[in-house]
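The values are calculated or read from the model by the stated rules, or taken from the named source; none is laboratory data. Here the structure is a predicted model, which is why all the values come from computation and not from measurement. All Cβ positions, even for glycine, are placed from backbone atoms using ideal geometry, and neighbour counts span all protein chains on display. For the accessible areas, the whole protein counts, side chains as well, though only heavy atoms, and no ligand, DNA or RNA atoms are used. Shrake-Rupley method; radii C 1.70, N 1.55, O 1.52, S 1.80 Å.
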Amino acid sequence: MATPTSPAFFLLHVFLFLVCSSEKGHAVSANEITKTYFRDVHADSLLPSSVCDQSNKVFNRASSLKVASRYGPCSVTGDPKTFPSAAEIVLQDDIRVKSLRTRLSMNTSTPGVLDEKKTTIPSTRYGGGYTVTVGLGTPKKDFSLLLDTGSDLTWTQCEPCLGGCFPQNGEKFDPTKSTSYKNLSCLSEPCKSIAKESTQGCSSGTCLYGVQYGSGYTVGFLATETLTITPSDVFENFVIGCGEKNGGKFFGESGLLGLGRSSIALPSQTSSKYKNLFSYCLPASSSSTGRLSFGGEVSPAAKFTPITTKFPEFYGLDVAGISVGGRKLPIDASVFRTGGTIIDSGTTVTFLPSTAYSALSSAFQELMTNYTLTNGTSSFHPCYDFSKYANVTISLPKISIFFEGGVEVDIDDSGILFAANGLEKVCLAFRDNGNDKDVAIFGNLQQKTYEVVYDVAKGMVGFAPGGHTVAASETTKTDFRNVHANSLLPSSVCDQSNKVFNRASSLKVVSKYGPCSVTGDSKTFPSAAEIVLQDDLRVKSIRARLSMNSSTTGALNEKKTTIPSTPNGGGYTVTVGLGTPKKDFSLLFDTGSDLTWTQCEPCLGGCFPQNGEKFDPTKSTSYKNLSCLSEPCKTIAKESAQGCSSGTCLYGVEYGSGYTIGFLATETLTITPSDVFEKFVIGCGEENDGKFFGESGLLGLGRSPIALPSQTSSTYKNLFSYCLPASSSSTGSLSFGGEVSTAAKFTPITTKFPEFYGLDVAGISVGGRKLQIDASVFRTAGTIIDSGTTLTYLPSTAYSALSSAFQELMTNYTLTNGTSGFHPCYDFSKYANDPISIPNISVFFEGGVEVDIDGSGILFAVNGLKEVCLAFRGNPNDKDIAIFGNLQQKTYEVVYDVAKGMVGFAPGGC
C-alpha cells in the first residue's frame, strides 16, 4: 500500500485538486569468424559539434518528420550548447532502466492503480531526448514533443496549468482556443484503456489520467483532438492527454509522443492509414538531424527480426549473439533468453546481461592493446586516453549484435565508444546489468546509422543499414558482374571441392545429369526444350493442385506435383538408407512433395527403369504395411488417392509427368549412421511410371504431417536446409537440424499456400536500381519457393519490367531472336574465352531480405553460347502463382525453419 509520501498518494491529491478546481479542462559456434576487420575512426568525431549539419534530409516520403537531438545545434528549442555530463547521462539512463524494469515486474492485472514506474523520459546525450514537431488543434499549433517507443500516451502541457507545469519553450496548448478539442467521458473506451496503462479517475463524468515517469509525471484530462503529422496527414479525434499538472525533466519540450504498443499509442490510433508501421533514423550525432516516418514502403535493405511476446508493453527482441573484431563470442544463448531484451529509443547505451558484458568488454580490451587504458568510471569500462590522437585516426574492432532470424546490426563507431570525459576518457559504450536476470536494453547509441523499422502489424522490427529508404527509382547497388561465358555451359568433370556441410546430419546433393551423378548417364544433358517442357508440366501441376477443391478427400489428386526438372539444378538427388539391414537408394528430393516413396519389388503393376536394385520389403525385418485405420492412412487420404486391400492401406499420387501407386508402410529410414528413424512412413510403389531419370523414387520435403520434416521433427526440430550444386558438375548439401548460419536473413512463410512454402516478394532490382513494380503485382497470386522448378516464373507485369530493364543495360551485346518462353537472348559465341559484363539482379522478399542472384541464375544457355537468355520466364498474366526456381537459389544456403514459419537465405553458404 502506498505511503503518504509515495507518488501514488501524491497524484491522488492532484486528482482531487483538479476535480475541485475546474469543471472544464483539458548460433554459430563460439570461435567462428564472421568478419575479421577493424575500423578507423577520427577521435574528434567522438566529441559533440556546435554546428548543425543539415545534410541529413528528411526521407522523401509524404509522412516524415524531422528528428533533432534536444541538446545540440539542430534543436528547435532550448539552449543547444548545454550538453549533459557523463554523470547526468548515467543518472538518466539508470532512472529509465529502473523504471522500465519496475513496469515489467508490476502486476498488470490491477487496472486503475498508478503505474509508478511506467517509464522515464528519454535521456539527452548524443541520441537521447529526440524531438519532433507536430500540430495539435484547430487551428493547428505546432508543438515540440519527445518521441518515445517506451510510452503509449501522447500528451502536451495545457493552459491554464491548474496544478503547475514545468518550464516550456514557447506557448502551451490552450484547449479553449481549439474548435476540435473535446474531453472524453469516463465511460469512453479510451478511458477504459488508459485505466490499464496508468492512473485513471473522474471529474463530473470527465476522464482524468495520471502517468508517473521515473523522473517526472503528468496529470490531466483525457481528450480527443486533431493531430497533424503533415499537411496531408491529419487525424481527427486523436486521443491525447491534456496535462494540467506536470513536473520533471522534459527539457523545455511541450510533452511526449507515445510510440508504444497499446491501443492509445500513435501507431495503433493511426493504423487505418499507416498500417501500424513506423520507422526512424536517429541523428548520427547531436549536431545532425534524423527522421521519423510513418507508413509507406519499407526499405528493401531492412532485415527483420520478430517482436517477442515476452513483453506486451515493449518492443522485445531476441538477441542471438555478439561478435567483436569479426569473431563470435562464446556466450550461451540462454544468457540472452533469461531476462530477454527490449529495443528502446530513450535509453542511451545498451545494457547487457553480466555474462555477455564481461565477454564483450574482455574481447574488446584484448583487441585494443595499442592504446592506453585509464581507470574508467563506476559505469563504464574499459576506458582509454585518446588525447594524443585528437587529429589522427584510431583503429577499433567492429562490434556486431545478432538478432533472431539472422539479423546482424553492425554497430557504428559512435555506438562503440563513448566520450565520458572528452578525449581523456573514452569508454566502451555498453553497460553491465549487474546480473543475468534483468531485462537487457538495446539503446539508441547502438541504433545510429540504421533506419529502424517497426512493422507492428506483422510483429517485426527491421534494421536497414545506411539509414535511407530506397524509392522505386533509387540506386541500391550500381554494379555489374563479370561472368565467363564458358561457365554457363555444362562441364564433363566433377568438381568435388564443394564439400558436404560440416554437420552431423548432412547428405551430399548431386545433379542427376552431371559428372557427379551416382547413377545414370552423366553425359546426357537435356535440351532447353526438354527443360521448358518439364518446367511447364511442373508449373501446370502446381497450379492445378492449388486450384483443386481441398474438401474432396480421398479422390485422386491428379495434379499434386510433377517431378523436378533436371538440367543445371533440376533433378537433385540424395542417397538414404531404407530397411533392416540398410540398403542405399538414390532419391530425388522435392520441397513440393510430401510422401517419401521408392519402387518396390515385385513391381506388381510395372515400374519405370531404375539404376540399381529396387527395394524388396520381404528382405527387411523392419518393414510393415499400415492398416486403413491408421493415422498416416487418414492423412494420405487428404494428400492423394487412398484405398484399401484386405485392411491394408493403399496410396496413389499422380504427378504432372508420372505417378506412383502402392502400399503405405513404415520402415527404418537412415539419414546418417547416427540418425536412424524407425517406423518412418513411406510409400512402397508397386506401379510407377514417368520421368524419374533412373532414380529409385522421391524424398518428400513438403509441409504435411507425412513429409520428412514433420516425421523427424523430434530430432531435427522441423528445420532443414540445402545448398544446391553451383553447377551440374559440382555437389551440394542437404542438412537437417543443427545451428543456423548467422548470415541467413529470414522471410516469413505465408499462410496463403498450406501445401507449399509461400513467400512474399517485395520487389526486384536490376543493375542496382529498384524496378517500378507495384507491390500488388506480387500479392495478387503470391509466390512459392520450389526446389524442383528450374527457372523463376514471374507475374507478367514484373517479368516485362525485368526483361526491359535488363535489355537496356545489355546494349553492348548482340541480341538474337530468342525462343518461345525466353527473352531477351544474346549471342556470346565470340566471348568464349572472355568475361562478359551483366547487370546484377536482386529479388527482395518480405522482411528486407535481398537475394543477390548468382550469374548462373541470371543467364541460361538455351543453345550453347549462340543463344544465352535471361533465366526468368513470364506468367501469362498477373493472376497465376509465381515460382522462385532453383537456378536463382544457387550459391545460397536456403534454410527452411518450418517450426518458426520462416525461410532464410545465407549468402555464400555453399
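Structural remarks
- Selection count, the range 575-601, where residues are in contact with a helix residue (DSSP H, G or I) (Cβ under 9 Å, 6 or more places away or on another chain) and part of a loop (DSSP other than H, G, I, E, B): 7
- Gly782 vs. criteria crowded, with 20+ Cβ neighbours inside 10 Å and in contact with a Lys or Arg (Cβ under 7 Å, 6 or more places away or on another chain): no
- Restricting attention to the range 215-242, the residues being in contact with a Cys (Cβ under 7 Å, 6 or more places away or on another chain) and aliphatic (A, V, I, L, M) number 2.
- Flag if Ser713 is open to solvent by 10 Å² or more (accessible area, probe 1.4 Å), touching a strand residue (DSSP E or B) at 6+ places or on another chain (Cβ under 9 Å) and over 30 Å from Ile682 (Cβ atoms): no
- Some residue of the range 855-873 being in the same structural domain as Val761 (by the TED database) and under 17 Å from Thr750 (Cβ atoms): no
Matching residues to (1) part of a helix (DSSP H, G or I); (2) more than 20 Å from Ser180 (Cα to Cα):
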| residue | (1), (2) |
| --- | --- |
| Phe238 | no, no |
| Phe250 | no, yes |
| Leu257 | no, no |
| Arg261 | no, yes |
| Pro267 | yes, yes |
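- Qualifying residue in the range 150-160 (condition: open to solvent by 10 Å² or more (accessible area, probe 1.4 Å) and under 37 Å from the mean Cα position of the chain (by Cα)): no
- The criterion of at least 3 residues that are closer than 30 Å to Ala805 by Cα is met by the following strands (runs of 3 or more DSSP E) wholly inside the range 706-770: 745-748, 761-766.
- Any hit, the range 797-804, residues being more than 23 Å from Thr670 (Cα to Cα), open to solvent by 40 Å² or more (accessible area, probe 1.4 Å) and of a type outside the set (Val, Ile, Thr): yes
- Taking the range 281-311 as the range and being of a type in the set (D, E, K, R), within 21 Å of Gly763 (Cβ to Cβ) and part of a strand (DSSP E or B) as the test, only Lys303 passes.
- When residues of the range 343-398 are limited to those that are closer than 26 Å to Asn433 by Cβ and of a type in the set (Asp, Glu), the one nearest to the chain's Cα centre (by Cα): Asp344
- Test set (1) of a type outside the set (Val, Ile, Thr); (2) surrounded by fewer than 22 Cβ atoms within 10 Å (Cβ to Cβ); (3) modelled with pLDDT under 90 - Gly405 fails condition number: (2)
- Selection within the range 312-334 - hydrophobic (A, V, I, L, M, F, W, C) and either more than 26 Å from Ser279 (Cα to Cα) or in a loop (DSSP other than H, G, I, E, B) (or both): Phe314, Val324, Leu329, Ile331, Ala333
- Among the residues of the range 346-368, the one identified as modelled with pLDDT under 90 and either small (Gly, Ala, Ser) or out of contact with any helix residue (DSSP H, G or I) (no Cβ under 6 Å at 6 or more places or on another chain) (or both) is Gly346.
- Only listed residue being under 32 Å from the mean Cα position of the chain (by Cα) and either closer than 22 Å to Phe304 by Cβ or at pLDDT 95 or above (or both), chosen from Asn276, Asn237: Asn276
- Note on the range 535-558: among residues that are among the polar types (S, T, N, Q) and at pLDDT below 50, the one that is nearest to Gly592 (Cα to Cα) is Asn557.
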